[in-house]
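Everything below concerns the one structure shown next.
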Amino acid sequence: MQLPYYIDLLGTLVFAVSGALAASDKNMYKDIFGVTFTSFVTAVGGGTLRDMILGVRPTWVVDGNYLIAITIGVVFAITFKYYIIKYRRTFFLFDTIGIALYTVVGVQKSLEHGVAPLAAIIMGMFSAVMGGVIRDTLINEIPLIFKKEIYATACLSGAAIFVGLKLLGVDDNINSFVSVFVIILIRVISVKYQLTLPKSR
Amino acid sequence: MQLPYYIDLLGTLVFAVSGALAASDKNMYKDIFGVTFTSFVTAVGGGTLRDMILGVRPTWVVDGNYLIAITIGVVFAITFKYYIIKYRRTFFLFDTIGIALYTVVGVQKSLEHGVAPLAAIIMGMFSAVMGGVIRDTLINEIPLIFKKEIYATACLSGAAIFVGLKLLGVDDNINSFVSVFVIILIRVISVKYQLTLPKSR
Amino acid sequence: MQLPYYIDLLGTLVFAVSGALAASDKNMYKDIFGVTFTSFVTAVGGGTLRDMILGVRPTWVVDGNYLIAITIGVVFAITFKYYIIKYRRTFFLFDTIGIALYTVVGVQKSLEHGVAPLAAIIMGMFSAVMGGVIRDTLINEIPLIFKKEIYATACLSGAAIFVGLKLLGVDDNINSFVSVFVIILIRVISVKYQLTLPKSR
């Protein structure tokens, strides 16, 4: 699956909304710059880190449309903040679809650039979650991925399935669909039943 | 404007002084290593991040003079700490000139490397402020750019003006001069009148 | 000295153990994902940052064995946690050998890629300590290098000696041996006699 351009832009916008909401929850970052900066980092951080490791130029650097998508996301988040919070279930679904798509796109891009299969799994997860990790680090919080226990793990699972099926010769379109579906499924089930990972002693 | 080499070095030195002072204010980082490390990160962090995104090698990696400038900055900051604090207005002006120059240099370098105009504005701001952001994150503080409200915003404004005038065909030298001047002006006025940005609800 | 492949893998494993222990000490990161993620960042963070600055692809991205080494390190750390804590002196020695090897490998790799001698010293230190710094930043702690006072400084000293002897034309194998030895010596002596660096006023 070549992620259609407009879906990629939509994913960026969704992440931007999520970042803007996270910032506007905290007094410290309530001004327009703080909200926008945090939103931007959330939306492009993961992909940028992946691309810096791969040695390719991040998409947002060469295509101004990504920054426009982020701007729309920020304006949307500030304007409709109370509605978004009211419909947080819908928003949760958006975020989940977002990380699922980003993961699979990240794995594919990594494999295309000659990354080892095991490493590609990590790069896929990075694409989806590191934007949020960088955001949380900047605003001096424990990164959410350490608290939402089955979040990054869902991405890792989906990424592993993608790499596995790819090695088995499964068609990329079918593979992408299955992997994205698995990530969404794991995430939804883990939230619904409040599943957690086993602890180290 | 090709930023003259010695001005770039002077900017690095000024940022190094600023970083060393920030570190030596906190007991935890008072030893020579902590002060030097923090100083180094402040001085080269923004430009290094920009260059990693652009895919070019940071200047300090290939030219040892930048590290010498930083060393001089650290020694200067430790030796004359009380004088610098006494003349903080002068120092504020230095820092302001520093971020203005770094912003414009960052925008130019980005445009030369084929970055989209909108993205170049962000890259310019990054060059100027991300060193301080990385420093603050390392010493476990809320990044100053979220507190000094019209700081990064001044850089963004100047960068936007540079890109705008560039697209209008204005000569680079005049353009640089105007953009640098605007950044300094916005910063000075916002501090003098304690202006802040509007808040999200 | 071309660091033998299996020693490099062993170093990665040792750093992974160290990262896993750091995470499992904190309740927040006790689940398997948190421990593994923290372990991974500790093990590859420094080298990855160095390679991103150099513009080369990190080894773990192209060679899956590094991730296997990290996995073994995590399983080992979780399984034998109490024994490792009991024999912390042995573990301390491992960590010290680890940072010494990483520093010298980092300096060499940097010099081979045309980095200026002064900058190569910093890149060597980065290779050894930045994994821990990134780990500490992510888990919202003051980076250990600011508290363990003669840690990064030992790496800097060894790196400086390597660069100095290299410029004097000393054979790489002898040079590596001497530099690694000096780092270990400084670190061991500073811990034994609780030496600290001078403070800024």
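The values are calculated or read from the model by the stated rules, or taken from the named source; none is laboratory data. From a predicted model like this one, the values you see are computed outputs, not experimental measurements. Here Cβ is always computed from backbone atoms with ideal geometry, including for glycine, and neighbour counts include all displayed protein chains. SASA here: full protein model, heavy atoms, side chains in, ligands and nucleic acids out. Shrake-Rupley method; radii C 1.70, N 1.55, O 1.52, S 1.80 Å.
Derived from the Cα gyration tensor, the three semi-axes of the equivalent ellipsoid of segment A:108-184 are 26, 13, 9 Å, largest first. The residues of segment C:128-146 listed by number as losing at least 50 Å² of accessible area in the complex, against the isolated chain and with a 1.4 Å probe, are C:Thr137, C:Leu138, C:Asn140, C:Ile142, C:Phe146. Surface exposure of the protein assembly as shown, expressed per residue as accessible area with a 1.4 Å probe, stands at 42 Å².
Interface residues of segment A:53-68, defined as those losing at least 50 Å² of solvent-accessible heavy-atom surface relative to the isolated chain (probe radius 1.4 Å), are listed as A:Ile53, A:Arg57, A:Trp60, A:Val61, A:Leu67. Between chain B and chain C, roughly 2700 Å² of accessible surface gets buried, counting both sides and using a 1.4 Å probe.
Pairs of C-alpha atoms in segment C:84-135 farther apart than 13 Å represent 60 percent of all such pairs. Would segment A:1-115 count as rounded, prolate or oblate if I go by the C-alpha gyration tensor, calling it rounded below 1.5 in a/c and otherwise prolate when a/b exceeds b/c, oblate otherwise? In terms of gyration-tensor shape, prolate.
Taking the protein assembly as shown, how much of its Cα-Cα pair set, in percent, is spaced more than 34 angstrom apart? The proportion of pairs with Cα distances above 34 Å equals 41 percent.
Note on segment B:5-192: with neighbouring protein chains present and a 1.4 Å probe, carbon and sulfur make up 70 percent of its accessible heavy-atom surface. Between A:Phe92, A:Gly46, A:Phe162, the Cα set farthest toward the positive side of the dipole of segment A:5-192 (charges on each charged residue's Cβ, about the Cα centre) is that of A:Phe92.
Total lysine pairs in segment C:122-201 at Cα distances under 19 Å, for residues eight or more apart or on different chains: 4. For segment C:172-187, backbone phi angles converted through the Karplus equation (6.51, -1.76, 1.60; θ = phi - 60°) give residue-by-residue couplings of 4, 5, 4, 4, 4, 4, 4, 5, 4, 4, 4, 4, 4, 4, 4, 5 Hz, Gly and Pro being listed as x.
Across segment A:5-192, counting alpha-carbon atoms alone, Rg and Dmax equal 15.9, 51 Å. Amide H contacts under 5 Å for B:Asp31: C:Ser200, restricted to partners 5 or more places along the chain or on a different chain, H placed in the peptide plane at 1.01 Å from N.
Rounded to the nearest whole Hz, the Karplus-based 3J(HN,Hα) values (6.51 cos²θ - 1.76 cosθ + 1.60, θ = phi - 60°) of segment A:82-94 follow the sequence 5, 5, 5, 5, 4, 9, 5, 5, 4, 5, 4, 5, 4, with x at glycine and proline. Computed extension length for B:Tyr87-B:Val191: 35.8 nm, one decimal, from 0.36 nm per residue of separation with the Cα-Cα distance subtracted.
The mean number of Cβ atoms from other chains found within 10 Å of a Cβ in peptide C:111-118 is 4, as a whole number.
Packing-based ranking of A:37-50, C:74-87 yields A:37-50, C:74-87, ordered from highest to lowest mean Cβ neighbour count within 10 Å. Remark: segment A:58-64, residue by residue, has Karplus-estimated 3J(HN,Hα) of x, 4, 5, 6, 9, 10, x Hz, where x stands for each Gly or Pro and the curve is 6.51 cos²θ - 1.76 cosθ + 1.60 at θ = phi - 60°. Computed over chain A, relative contact order equals 22 percent, with contacts defined as Cα pairs under 8 Å that lie 6+ residues apart.
Sum up the charges of everything whose Cβ sits under 13 Å from the Cβ of B:Phe162, counting Lys and Arg as +1 and Asp and Glu as -1, but leave B:Phe162 out. Around B:Phe162, the charge tally is -1.
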